[in-house]
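Input: a single structure, listed below in structure tokens.
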Amino acid sequence: ATLIAGKLPAGISVLEVRELGPADRSLSKVVKSARYAVRLDSEEQIGRAGEALANGWREAVPALRAFSLEAGPDGTHLRFEVNLDQSAGETTTPKKVLERLLSMPPEAQAGMSVTREATVLE
């Protein structure tokens, strides 16, 4: 754990290290979803997110489990949770969510602040 901790960026720490045994499931099998926050930098992005929120985001991106738009002192954030468990249905990535819901091609997303806030395990 000490070797790993020395390589991590500030603010990230290792709480536990455990070796998986032959009977343990791999990490890819226990990850269920991930939660993201995306800072929206323009009124156009905020408007598109508001439209997606009001007009069927579940149909547009079936892999989304949650979707919200939140304004705070540090700006407006789009928050969403995506399914990562293939056995539970369609999966997706943050880039695909922004492309479908905000009509932003990947190259237009380059300067955006996208943060994975949580990885949800079973």
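Quick one: which of LEU15, LEU8 is open to solvent by less than 90 Å² (accessible area, probe 1.4 Å), assigned to a loop (DSSP other than H, G, I, E, B), modelled with pLDDT under 95 and of a type outside the set (D, E, K, R)? Spell out the reasoning first.
Details: LEU15 fails: open to solvent by less than 90 Å² (accessible area, probe 1.4 Å).
Result: LEU8 is the single residue among LEU15, LEU8 that is open to solvent by less than 90 Å² (accessible area, probe 1.4 Å), assigned to a loop (DSSP other than H, G, I, E, B), modelled with pLDDT under 95 and of a type outside the set (D, E, K, R).
For the subset of the stretch 59-68 comprising residues that are in contact (Cβ under 8 Å) with a residue 24 or more places away in the chain and among the small types (Gly, Ala, Ser), which member is least open to solvent (accessible area, probe 1.4 Å)?
Applying the filter and picking the extreme gives ALA63.
Across the stretch 74-91, what is the total count of residues that are of a type in the set (Ser, Thr, Tyr), open to solvent by 40 Å² or more (accessible area, probe 1.4 Å) and within 15 Å of GLY50 (Cα to Cα)? Lay out the reasoning, then the answer.
Step one: list which residues in the stretch 74-91 are of a type in the set (Ser, Thr, Tyr), which gives 76, 87, 91.
Keeping just the survivors that are open to solvent by 40 Å² or more (accessible area, probe 1.4 Å) gives 87, 91.
Checking which are within 15 Å of GLY50 (Cα to Cα) leaves us with none.
The qualifying residues number 0.
Quick one: is ARG35 among the basic types (Lys, Arg), touching a Ser or Thr at 6+ places or on another chain (Cβ under 7 Å) and part of a strand (DSSP E or B)? Walk me through it before giving the result.
Details: among the basic types (Lys, Arg): yes; touching a Ser or Thr at 6+ places or on another chain (Cβ under 7 Å): no; part of a strand (DSSP E or B): yes.
It is false that ARG35 is among the basic types (Lys, Arg), touching a Ser or Thr at 6+ places or on another chain (Cβ under 7 Å) and part of a strand (DSSP E or B).
Inside the stretch 33-58, can you point out the residues that are under 18 Å from the mean Cα position of the chain (by Cα) and open to solvent by 80 Å² or more (accessible area, probe 1.4 Å)?
ARG35, ARG39, ASP41, ARG58
Based on what the data block shows, is ALA71 within 20 Å of the chain's Cα centre (by Cα), open to solvent by less than 40 Å² (accessible area, probe 1.4 Å) and hydrophobic (A, V, I, L, M, F, W, C)? Give the steps one after another, and end with the answer.
On the way: within 20 Å of the chain's Cα centre (by Cα): yes; open to solvent by less than 40 Å² (accessible area, probe 1.4 Å): no; hydrophobic (A, V, I, L, M, F, W, C): yes.
So ALA71 does not fit the description; no.
The values are calculated or read from the model by the stated rules, or taken from the named source; none is laboratory data. Note that this is a predicted model, so its numbers are computed, not measured. Glycine also receives a Cβ, built like all others from the backbone with ideal geometry; neighbour counts cover every protein chain displayed. What goes into the accessible areas is simple: the full protein's heavy atoms, side chains included, and nothing from ligands, DNA or RNA. Shrake-Rupley method; radii C 1.70, N 1.55, O 1.52, S 1.80 Å.
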